[in-house]
Amino acid sequence: KADTTNLLPSPRLTARNNALQRVSFLPSQRTKRMISSAARVLALAVLSRTASALRAGRLPLRLKGARAVAAQMSSVPADETRGGSHSLADQVARFARAKEEKNERYLDIASVYDGSFLEGKRVVVTGGNRGLGLEISQAAMAAGADVLIMCRKGDVPGATVYAGVDVTDGAACDAAAAKIVADGGPVDYLINNAGYFYEAKETVLDRTLNFDEELKQIDICGVGPLRVSAALYNAGGLQSGSTC
């Protein structure tokens, strides 16, 4: 009879082999992440195809609320005047629709706005000397706010005006911010209202794109708020609790 004792693995080796076999079937963290990502992509694809099928009427609407979901997907999306999260780009059409629907939330701001929280607050409004900015300034003053207007020129009764400020001019923004803080300390609210819109119609085909005007618009509307916000922050005008 042959002695096979030495041919059998030791208990220690057997335990290690068993452990290696178990480990080999466990996915690594990287593999888990890949599986998770793939599952999300698959889920999004399924949802997208399901939504398309619902809109096209190819799926039976058996679940409770499914009809409402399908109707919402197939109808005009809710804009911000109906509790949605976006705006209808065509402002004229948006206003006309609000009048047609008698949308008081859109037509009468007093139905949703209470400015009492502004009483006694220091509020900076850029471009607050005319147009929409002037309306904002006057509404804030009516609510009891101390309104500080940064603008190129102008005068607004009841407000403190810091003229000579072009939001494309970093030095001018810095000087006005320092003066605002020196006059009364930090501000509670900064409303970056100053803006510019090039109204001419531009198209590629007839070569009417005005890149200088487009860059000007970006400089005023996009970078301008950053200049003013940075100037006030660096001057100590925006602190914890300030809103801009």
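The values are calculated or read from the model by the stated rules, or taken from the named source; none is laboratory data. Every value quoted in this text rests on a predicted model; they were computed, and no experiment measured them. Please note: Cβ atoms are built from the backbone with ideal geometry, for glycine as well, and neighbour counts cover all protein chains shown. Only protein heavy atoms, including side chains, enter the accessible area calculation; ligands, DNA and RNA are left aside. Shrake-Rupley method; radii C 1.70, N 1.55, O 1.52, S 1.80 Å.
Starting from the Cα of Arg152, step 7 Å toward the Cβ, then list every residue of the stretch 102-138 with an amide N under 17 Å from that point.
Residues 126-134 qualify, since their backbone N sits under 17 Å from the label point.
Going 7 Å from the Cα of Ala89 toward and past its Cβ, which residues in the stretch 203-233 have a backbone nitrogen under 14 Å from where you end up?
So the set is 203.
Just to verify a number: what accessible area does Arg227 come out at with the full protein assembly present, 1.4 Å probe, Å² rounded to tens?
So the heavy atoms of Arg227 present about 60 Å² to solvent.
Does the stretch 94-156 classify as rounded, prolate or oblate by the C-alpha gyration tensor (a ≥ b ≥ c root eigenvalues; a/c under 1.5 gives rounded; else a/b over b/c gives prolate, otherwise oblate)?
In terms of gyration-tensor shape, oblate.
Could you tell me the accessible area of Asp212 in Å² (1.4 Å probe, neighbours in place), rounded to the nearest ten?
Surface accessible to solvent at Asp212 totals approximately 120 Å².
Full-extension gain between Asp114 and Cys244, please, as 0.36 nm times their residue separation minus the C-alpha to C-alpha distance.
Extra length from Asp114 to Cys244 when fully extended: 45.0 nm.
Net charge around Asp166, counting only other residues with Cβ within less than 15 Å of its Cβ (Lys, Arg = +1; Asp, Glu = -1)?
+2
How many Å² of accessible area per residue for the stretch 95-244, probe 1.4 Å?
60
How high is the relative contact order of the stretch 119-244? Use alpha-carbon pairs under 8 Å, at least six apart in sequence, and give a whole percent.
27
Give the accessible area for Ser229 in Å² (nearest 10); use a 1.4 Å probe, count only protein heavy atoms, and leave out ligands, DNA and RNA.
The accessible area comes out at roughly 30 Å².
Where Lys and Arg each count +1 and Asp and Glu each count -1, what net charge lies around Tyr189 among other residues with Cβ under 13 Å from its Cβ?
Summing Lys and Arg as +1 and Asp and Glu as -1 gives -1.
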